[in-house]
């Protein structure tokens, strides 16, 4: 018996091969000259008049031949696809992760969809931002975000000052140098807020995605071990279309 996985491979190969053959057949079928032939003979009036050899060009293809080849190609393509499609309605398997059955009797077509969807989910989560590891974070339920440890920084301000170089005397005024200096005038307390995922939580989500994806892949492989019966609906359909029923 042919397994479903083998039938899928055959259907894919037939799709590629038949598509190429159909394209070539379609192109050739539109060349009107291939359908046209001719025979031409010459009959002189008198026995002494000039004679010419007969001319002929055979018909190189016929609509019947084209339709026969079309029928042959479509029989293969339609039947291999039907075999896979019919079998997929019966091919089912359980999705089991770490010994726990998450889904039972899942159709193989949905398993195939899930496998791709989980690949997309993995990519999505991978690109999500994580909390900056340079900060220490804690969850703030009131804000609904993570908050960092507060950091206090001084606010400085430039203030004018005077430096007495020489004090005043009864003969000379004081010599004073003007300059600016920085003085702490207050303190900023900064707390960073973030809605990003903690790195360990992000890793845990990705791990579960991978586990589920692998379980789905395994389930699909089990489902594809189903023995298939070749389906042959194409002859009925094509006989009707081509008027051969």
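What is the log10 of I(q)/I(0) for the stretch 111-245, computed with the Debye formula using one identical point scatterer on each Cα and no solvent, at q = 0.12, 0.13, 0.20 Å⁻¹?
So the normalised log intensities work out to -0.82, -0.86, -1.14.
What angle, in degrees between 0 and 90 and rounded to the nearest 10, separates the Cα long axis of helix 108-126 from the longest principal axis of the Cα atoms of the chain?
So the inclination is approximately 30 degrees.
Specify the inter-centroid distance of the stretch 93-159 and the stretch 41-75, based on alpha-carbon positions, in whole Å.
Their Cα centres are 75 Å away from one another.
Scaled to the compact-protein estimate 2.2 N^0.38 Å, what is the alpha-carbon radius of gyration of the stretch 189-245, rounded to two decimal places? Intermediate results must be reported in sequence, preceding the final value.
On the way: Rg = 26.8 Å, N = 57, 2.2 N^0.38 = 10.2 Å.
Normalised Rg, Cα atoms only: 2.62.
Multiply the residue separation of residue 10 and residue 64 by 0.36 nm, subtract the distance between their alpha-carbon atoms, and state the gained length in nm to one decimal.
16.6 nm
Return the single residue from 56, 104, 29 with maximal mean-square fluctuation; model: Gaussian network over the chain, springs between Cα atoms under 10 Å.
56
Taking the 0 to 90 degree range and rounding to the nearest ten, how far is the long axis of helix 63-88 tilted relative to the main principal axis of the chain, both from C-alpha atoms?
Relative to the chain, helix 63-88 is tipped by roughly 50 degrees.
What is the Cα coordinate range of the stretch 65-126 on the first, second and third principal axes, sorted by size from largest, in whole angstrom?
Here the Cα extents, ordered largest to smallest, are 58, 28, 11 Å.
How big is D for the stretch 137-194, in µm² s⁻¹ as a whole number, if Stokes-Einstein is applied with the Kirkwood radius of its Cα pairs at 10 °C and 1.306 mPa s?
103
Based on the Kirkwood radius over alpha-carbon pairs, what value in µm²/s does the Stokes-Einstein equation return for the translational diffusion coefficient of the stretch 111-175 at 10 °C and 1.306 mPa s?
The estimated diffusion coefficient comes to 83 µm²/s.
Over the chain, with a Gaussian network built from C-alpha contacts below 10 Å, which listed residue (57, 92, 43) shows the highest mean-square fluctuation?
Taking springs between Cα atoms under 10 Å, the residue moving most is 43.
If we count other beta carbons within 10 Å of each Cβ, what is the order of 147, 36, fewest first?
36, 147
Identify which of 131, 165, 118 has the largest mean-square fluctuation in a Gaussian network model of the chain, with springs joining Cα atoms closer than 10 Å.
Evaluated over the chain, the most mobile residue of the options is 165.
Could I get the Rg over Rh figure for the stretch 4-44? Both from C-alpha atoms, Rh via Kirkwood, rounded to two places.
Dividing the radius of gyration by the Kirkwood radius yields 1.49.
Rounded to two decimals, what ratio of Rg to Rh does the chain give with C-alpha atoms and a Kirkwood Rh?
Values: Rg = 42.6 Å, Rh = 27.9 Å.
Dividing the radius of gyration by the Kirkwood radius yields 1.52.
Using Cβ counts within 10 Å as a stand-in for footprinting exposure, how do 164, 66 rank, fewest first?
164, 66
Expected output is a single nm value to one decimal: the length gained when fully extending between residue 145 and residue 42, i.e. 0.36 nm times separation in residues minus the C-alpha distance. What is it?
Working: separation 103, 0.36 × 103 = 37.08 nm, distance 10.00 nm.
Between residue 145 and residue 42, full extension yields 27.1 nm more.
What value does the stretch 6-137 have for Rg/Rh, both radii from Cα atoms and Rh as Kirkwood defines it?
With Rg and the Kirkwood Rh in hand, the quotient comes to 1.45.
None of the figures in this text is laboratory data; all of them are computed from the coordinates on show. Because the structure is predicted, anything quoted here is derived from the model rather than measured. Methodologically, a virtual Cβ is constructed for each residue, glycine included, from the backbone with ideal geometry; neighbour enumeration extends over all protein chains shown.
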